[in-house]
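Quick notes on the structure that follows.
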Amino acid sequence: MFKSSSASEPYSKSLKPASRRQFNQFSTIASHIRRRPYLLLLLLPLLFLIPHYHKTPKVVIILAANEGGGVQRWKTPQEWSVERSSIANKRDYAERHGYVLSIKDTALKRRYSHEWREGWEKADILKQTMRQYPQAEWFWWLDLHTFIMEPDISLEEYLLKDLESRTYRDLSYWNPLRIVVDSPYVDVKNSPVDMIMAQDCGGFNLGSFLVRRSPWTDMLLDLWWDPVLYEQMHMSWEHKEQDCLETLYSSQPWIRERIGFVPLRAINSFPPGACADQKDDPQFFYNEKDRDFLVNMAGCNFGDRSCWNEYDHYRNLQKRLNSRNRWWWLPGWFK
Amino acid sequence: MHLGIPRRSDLRPKGKNKPLLPIPSALRSRFKDYSNKRTAIQAILILIIGNYIVNWLFSSSKVKHNFGHLTNQEALQTLQDNHGIYKNEISVGSKYIFPPIEHAPLLRELTLDRLFKNKVNPDNPQEKLYFYSDDDDLNDFNEIKDKSSSEDPLDQSLKAFKEHGRKVFRPSSGKKSPEIVLVTGVDFEKFEQSHLTKIVQNRVDYAHANGYGLYVRWIQEFTPTLQEYNNERNWAKLFILRAAMHAFPHAKYFWYLDQNAFIMRHDIELYSYLLEPKSLEPIMMRDQPIVLPNGAIKTYRKVKAEDMQIVITQTKDGINTDSFIVKNDIYGKGALEFWTDPLLRKYSSFTSDEKDALTHILQWHPVILSKTTIVPGRTICSLHSSNVAEEEDDTLFYQEDDFVVNFKGCDVHHTCELVLDSYWKKQQGTN
């Protein structure tokens, strides 16, 4: 019937009764439900059908555990304790902000044995982790003896936002290695930052750094170790992959272009005792008042320092700084 | 009724609902609202929310959510300008950047001693060390000021030589950058002016016919750099190529064609002929050993043509770096800069031949290998052979109507001029 009328008459006329009829149907359903609202509860189980999208983690934290571990000696109970609390600290942080924590074993291995690629497992681990988490964008490498002091700070807000304008794009501000600051063919104005790093009293510090997934990073991780470079330099590269990166940085503009430097205390504060030659320079050392983000007890097992004592100190300090006041539920002015 | 001293009972509330304390009647109604549940809940909510707001205000002042207080804002503002080897550059509007070839005999007469600052090598008194000098008097366009405005051709050629490396293509607004730039290094000590003219003219004609850019440099301009690690002159091509990438920042491809090669076909457009993925796909040599005849490392089997950053050919001895194409992006630049890293340049088995360094890179670095494709030699680098091509299906040696001819090894027999001349005549005949 409907078909024949539309064929003989202009469609505008046939449209009206049809639409009214549809609305009539809806209004009967609506009034039915209005009288029995409990029927809506029946829809609740269907909510599980809605696909719930997990926020894919943007940041992967790579924690190098078991540093130098292996068969040479037993780990002491104190070392176990330090490792455990380091892992717990990062796990808590990652959970709080929806990041992924990936713990990587850096035990001594034959393929990175003495005088052969030792130190460069960092690049291999980064490559492997990038394959493991194909959705993640940033990869934050942390050595074992680091401790996040301000777990409330999110990386996106603290570090990854406006990166290009907030990081140093050359070494003019602090240059302990005396690398030539100005280099031909470096175009920092049009390049993104693909690696965030800090310099300590002696140069680059790879105890805590971030890389972004990018073609640049692919290339860097691939070129970081080269047998020809290694053969010539392995005797003088005391800090292995770190010195190698310094060498590459100084000679290759494309690497320079995309490294953004932050002050050491932004991602990698030292405890007093590190950098003994410059122990009065406040730019390296953890400052409780400024609530520095992370403390790196690098080298805590050398000299008269003790990893366990330092760790204990910072763990307690963090607990104290971030503990909730007993009267937190009272209005602020009561405190 | 007694109205004098109140009795005790007069002070007590009269009814059950009377308040203990006398409250003014204006307020009394408001206090009564507490009995209203809704108001009570509202009050508690306001208290909690107010508490959170105050807490937030207090805590945000304690924990710093950025590291701005640690950075030196002034140092952040100063960003380095992108410059080449020379800081003061000359902007050129023409997309053909090549040195005046007629200066070749004059430059030879001047010798390197007058072209560069130099001093005697303290370790080897026979040898001189050459240095770049960036201290010439420059005018507003970064050109070297004429001191005496002399007409002496020697002075003129010296000035042109020193200025040539500063030239970069920066078109006036509206003019577009060429997509492809042809790059060549020429050696005025090795070849006569007539020979060099033929080579450069060949490049200019080809670039002009296809709307490409051209970047030609004297190899001698790189003497101080080559000298650092006793590199042979063929290493200069890499520095020239990197300078070309700086001079034409918006070009997509750079084709390095050595001075011992000659373009025979000006009608072949490189992009549609070779670089377009659909042209490149069928001729990519997959699973091809880098070191011939049977090296262990081979090009990847499953790579896509559009991912290729370096296009290169092989001779029977391995990689041929006389003619190759590099894409102008982070992979191309990175590979080129790694190739010229001082540690590779001074490695004893690489100093004489940059080709060995590339062979090494391709074999050790999968990321670069996966972006590199080897194409049959006759596509962009047919080899000249004194004999007529032996086999029909030969992919290496020049045959009639090939694109480019490469006189590799002509300098060993000192036949470069002769060979070039024969091809030049052949080409003049056809065009």
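The values are calculated or read from the model by the stated rules, or taken from the named source; none is laboratory data. Note that the coordinates shown come from a computational prediction; the quantities given were computed from them, not determined experimentally. Cβ: placed from backbone, ideal geometry, glycine included. Neighbour counts: every protein chain shown.
The table for this structure:
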{"quantity": "Residue match in region A:136-152 (condition: among the acidic types (D, E), modelled with pLDDT of 90 or more and farther than 28 Å from A:D292 by Cβ)", "calculated": "no"}
{"quantity": "Number of the condition not met by B:V204 [criteria: (1) in a helix (DSSP H, G or I); (2) touching a Leu at 6+ places or on another chain (Cβ under 7 Å); (3) buried (at least 17 other Cβ atoms within 10 Å of the Cβ)]", "calculated": "(3)"}
{"quantity": "Residue match in region A:176-192 (condition: surrounded by fewer than 22 Cβ atoms within 10 Å (Cβ to Cβ) and touching a strand residue (DSSP E or B) at 6+ places or on another chain (Cβ under 7 Å))", "calculated": "yes"}
{"quantity": "Any hit, region A:131-147, residues being surrounded by 16 or more Cβ atoms within 10 Å (Cβ to Cβ) and within 12 Å of chain B (Cβ to nearest Cβ)", "calculated": "no"}
{"quantity": "Residue under evaluation A:G202, criteria (1) touching a Cys at 6+ places or on another chain (Cβ under 8 Å); (2) facing chain B (nearest Cβ under 10 Å), criterion not met", "calculated": "(2)"}
{"quantity": "Positions within region A:218-243 being within 10 Å of chain B (Cβ to nearest Cβ) and polar (S, T, N, Q), in sequence order", "calculated": "A:Q232"}
{"quantity": "Matching residues, region A:287-297, being away from chain B (no Cβ under 14 Å) and either surrounded by fewer than 20 Cβ atoms within 10 Å (Cβ to Cβ) or in contact with a Cys (Cβ under 7 Å, 6 or more places away or on another chain) (or both)", "calculated": "A:M297"}
{"quantity": "Search result, residues across region A:244-257 that are surrounded by fewer than 22 Cβ atoms within 10 Å (Cβ to Cβ) and more than 10 Å from chain B (Cβ to nearest Cβ)", "calculated": "A:E246, A:Y249"}
{"quantity": "Verdict on B:L110 being over 30 Å from B:G174 (Cα atoms), assigned to a helix (DSSP H, G or I) and within 14 Å of another protein chain (Cβ to nearest Cβ)", "calculated": "no"}
{"quantity": "Positions within region B:314-354 being over 18 Å from B:S370 (Cβ atoms), buried (at least 19 other Cβ atoms within 10 Å of the Cβ) and more than 8 Å from chain A (Cβ to nearest Cβ), in sequence order", "calculated": "B:N320, B:T321, B:D322, B:S323, B:N328, B:T340, B:R345, B:E354"}
{"quantity": "Residue check, B:V311 away from chain A (no Cβ under 14 Å), within 19 Å of B:Y256 (Cα to Cα) and either in contact with a Gly (Cβ under 8 Å, 6 or more places away or on another chain) or at pLDDT 90 or above (or both)", "calculated": "yes"}
{"quantity": "The lone exception for B:K145 - which of (1) at pLDDT 90 or above; (2) surrounded by fewer than 18 Cβ atoms within 10 Å (Cβ to Cβ); (3) charged (D, E, K, R) it fails", "calculated": "(1)"}
{"quantity": "Check on B:T372, within 14 Å of chain A (Cβ to nearest Cβ) and among the polar types (S, T, N, Q)", "calculated": "yes"}
{"quantity": "The one condition in (1) within 25 Å of A:W254 (Cα to Cα); (2) at pLDDT 90 or above that B:T351 fails to fulfil", "calculated": "(2)"}
{"quantity": "Exclusive hit being surrounded by 15 or more Cβ atoms within 10 Å (Cβ to Cβ) and either within 27 Å of A:T76 (Cα to Cα) or in contact with a strand residue (DSSP E or B) (Cβ under 8 Å, 6 or more places away or on another chain) (or both), set A:G260, A:G303", "calculated": "A:G260"}
{"quantity": "Helices (runs of 4 or more DSSP H) fully within region A:196-272 counting 3 or more residues that are at pLDDT below 90", "calculated": "A:227-233"}
{"quantity": "Matching entry among B:F397, B:F324, B:F338 (being farther than 22 Å from A:K127 by Cβ and within 20 Å of the chain's Cα centre (by Cα))", "calculated": "B:F324"}
{"quantity": "Evaluation of B:R242 against (1) within 14 Å of another protein chain (Cβ to nearest Cβ); (2) surrounded by fewer than 21 Cβ atoms within 10 Å (Cβ to Cβ); (3) among the basic types (K, R) (one fails), failing number", "calculated": "(2)"}
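Residue-wise test of (1) of a type in the set (A, V, I, L, M, F, W, C); (2) closer than 22 Å to A:E137 by Cα; (3) modelled with pLDDT under 90.
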| residue | (1), (2), (3) |
| --- | --- |
| A:I61 | yes, yes, no |
| A:G70 | no, no, yes |
| A:P77 | no, no, yes |
| A:W80 | yes, no, yes |
| A:D92 | no, yes, no |
| A:S102 | no, yes, no |
| A:S113 | no, no, yes |
| A:W120 | yes, yes, yes |
| A:A123 | yes, yes, no |
